[in-house]
Amino acid sequence: MHSDVALVIAGVLAAGLVAQILGWRLRVPAIVFLLAFGLLAGPVTDLVHPDDVFGDALFPTVSIAVAIILFEGSLAMGVAGIRTAGRTTITLLTVGSVITFAGVAVAARFVLDVEWRVAYLLAAVLVVTGPTVIGPIVKSLGLHGRLGMILEAEGTIIDPIGAIATVVVFQSFFESSDSSVAETLLTTFGIGVGAGLIGTAILVFVLWRLLIPDELHQVLTLTVVVSTFAVSNHYAHEAGLVAVTVLGFLLASQKRVSVRHILDFNETLRVLFISGLFILLAARIDRATLTDLEWRSILFLVVLVVIVRPVSVAGATIGVGLTRAERIFLAATAPRGIVAASIASVFALRLSEEGVPGAQIVLSATFTVIVGTVLLSGLGARPLARRLGLLGDDGAHVVIVGSNDFTMALAEVLGREGVSSSLVDADRLSSQRARMRGLDSWSGSIFSVQDVHEVGLDRASVFLAATSNDELNALACRMAAETLERRHVFQLPPSRPSDSEIGRISLGLFGRSAFSMEATAERLDDLLLEGWKVSATNITKEFSVRDWQEQHADGVPLAVIDGKRHLHVLAAGRRRSVRGGERLVALVPPRAE
């Protein structure tokens, strides 16, 4: 038995990794592949039975994993994220939730033909839009700014609201309780908020007073999150989801201690948990649910996607300042995830124990909606966003640290080639000089959160640190690598006073060396003083890279601009083939102009 559990866990981890890589390579949300692998492992091949493998530990484990995912989402978003999302988030959580609840209840009553109390329970379950699905979709699309924040904020905060609503509906219609609805709500939210406050106070106090070593910060945070969740749930059903959400928001908004390293750790856990949970979720789906899909279940899904969500968004976004394209995308994006599945499974079991007709319908309808909305959003989000013009240049933006002669010349050429760029420099005179040349230049610190947002690092495809200070370049690259993938983070090669000195420096402290190891800041300045220029040359079948090299034997290739106007910086010591139709950006001597 133990070997079976280990084998299943290993298989789930491997499948999750493959799904994430496929999603990254094919630019499709990994959720689609996770769902496919789970269906293949469970109902299709009948190889994995999560309930048999994990037994009674399955649902507690799923609950803890969901709690950690919610904590990570609220921590990453913080109060600043909620403010960016603005009033739209509040109206979606209030007006939108009420419309969704009513619409789902009516659809369940008349389409699925269940009694009203079962319809209300199903409506409470499906009022959520899971961050386990929304987050990966937003990240894969590169939706930055208000729209991405709105979707993530709605998905993060609506989960505990939906869970509590399900508890209230169940207690009101299916079991006798001395507590009123108001008392249940006050108790649940009170315990959840109180536990979140206490957990935040403990974490901040311990980290602020340096009571434990740095290597235990993540372990402490994980312990506090799980303990806060478990204790809250012990005293009130689903209060734990409220507690961890509050804990994340409060920890992100405080200013006493840095939580960046904690966020990095939790982001790793989030990827692992989402991958594992979605595969196990799909593997739990009964084969009969796939083979015996009735027209009622399909029609129920269609009503939710085509009518309920659009009406909900239309009612919640009146007068909030969203564009028509943003409202359409919101209306089309409401995938359900792990929370809906776990809540439906738990309460379907309790309905069966109570002998209520329609218990299986709640479960099958929920899983039909989950699979349908995940596939629709996962496969359709990118084409829809592109059609609505929400992807913009799809990340074709370059952030360059340093406003000097070389970076300004490079930015001018990139601008003429249709690649946007932003220069940032702490020296006001240098930034002003760049602005006088018509460039997008910012005077400030690249280490400032506000400046990073203004220069567009969160939507950049390339980061280049090109100052004359090697240490500043290295620090800037380490900071940028927290937002971008390391393969997109470059700096000018460090100067080499002596081979022995450079040998003592860990290359892991630097970003990827751009251009060539000889293209140091000092060398580039010397070449520009000698009259060298940055230029872009069109590579064709008639004029190949070899032809260019013959004409520019001393030239320094810098980057390639492909047919989609994406910039590919040439890394030192690595070759990249240049195909016909692409533009080669290079530094060339004056005689070669």
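The values are calculated or read from the model by the stated rules, or taken from the named source; none is laboratory data. Everything numeric here is computed off the predicted structure, so don't read it as measured data. With ideal geometry, Cβ positions are generated from the backbone for all residues, glycine too; neighbour counts draw on all protein chains shown.
Comparison of 238, 294 shows that the only residue that is closer than 21 Å to residue 165 by Cα and of a type in the set (D, E, K, R) is 238.
Here 238, 183 are screened, and the one residue that is at pLDDT below 90 and at positive phi is 238.
Per the conditions (1) β-branched (Val, Ile, Thr); (2) within 24 Å of residue 480 (Cα to Cα); (3) touching a Ser or Thr at 6+ places or on another chain (Cβ under 6 Å), the sole criterion not satisfied by residue 413 is (3). Here 28, 12, 48 are screened, and the one residue that is within 18 Å of residue 378 (Cβ to Cβ) and touching a Gly at 6+ places or on another chain (Cβ under 8 Å) is 28. Scan region 97-109 and report the pairs whose first residue is surrounded by fewer than 20 Cβ atoms within 10 Å (Cβ to Cβ) and whose second residue is in a helix (DSSP H, G or I) and small (Gly, Ala, Ser), with Cβ atoms within less than 8 Å and a gap of 6+ or a chain change. Close Cβ pairs (under 8 Å, with a partner that is in a helix (DSSP H, G or I) and small (Gly, Ala, Ser)) amount to 102/123; 106/119; 109/119. From the list 336, 386, 350, 324, the lone residue that is of a type in the set (Lys, Arg) and at pLDDT below 80 is 350. Inspection of region 105-117 identifies at least one residue that is over 16 Å from residue 308 (Cβ atoms) and in a helix (DSSP H, G or I).
Contact map, region 182-203: residues that are more than 21 Å from residue 261 (Cα to Cα) paired with residues that are charged (D, E, K, R) and crowded, with 16+ Cβ neighbours inside 10 Å, Cβ distance under 8 Å, separation 6+ or inter-chain. Pairs shown: 188/238. Residue count for region 333-375 satisfying the condition of being more than 22 Å from the chain's Cα centre (by Cα), outside any helix (DSSP H, G or I) and among the small types (Gly, Ala, Ser): 2.
The residues in region 546-589 that are in a loop (DSSP other than H, G, I, E, B) and over 16 Å from residue 493 (Cα atoms) can be counted, and the count is 18.
At least 2 residues being closer than 30 Å to residue 142 by Cα and modelled with pLDDT of 85 or more is the threshold, and among the helices (runs of 4 or more DSSP H) wholly inside region 1-98 those reaching it are 2-26, 30-39, 58-85, 87-91.
So that you can scan it fast, the table gives a plain yes or no per residue for (1) crowded, with 19+ Cβ neighbours inside 10 Å; (2) out of contact with any Lys or Arg (no Cβ under 6 Å at 6 or more places or on another chain); (3) closer than 14 Å to residue 271 by Cα:
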position: 13; (1), (2), (3): no, yes, yes
position: 25; (1), (2), (3): no, yes, no
position: 35; (1), (2), (3): yes, yes, no
position: 41; (1), (2), (3): yes, yes, no
position: 50; (1), (2), (3): yes, no, no
position: 54; (1), (2), (3): no, yes, no
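Taking residues in region 44-67 that are in the same structural domain as residue 222 (by TED's automatic domain parsing) and without any contact (Cβ under 8 Å) to a residue 12 or more places away in the chain, and partners anywhere that are outside any loop (DSSP other than H, G, I, E, B) and not basic (Lys, Arg), the pairs with Cβ atoms closer than 7 Å and at least 6 places apart or on different chains are 47/41; 61/54. Specify which of the listed residues (190, 194, 199) is buried (at least 24 other Cβ atoms within 10 Å of the Cβ), farther than 30 Å from residue 374 by Cβ and either in contact with a Ser or Thr (Cβ under 8 Å, 6 or more places away or on another chain) or modelled with pLDDT of 80 or more (or both). Matching residue, one of 190, 194, 199: 199. Any idea which residue in region 469-494 is farthest from residue 568 (Cα to Cα), counting only those that are touching a helix residue (DSSP H, G or I) at 6+ places or on another chain (Cβ under 6 Å) and in a loop (DSSP other than H, G, I, E, B)? Among those that are touching a helix residue (DSSP H, G or I) at 6+ places or on another chain (Cβ under 6 Å) and in a loop (DSSP other than H, G, I, E, B), it is 494.
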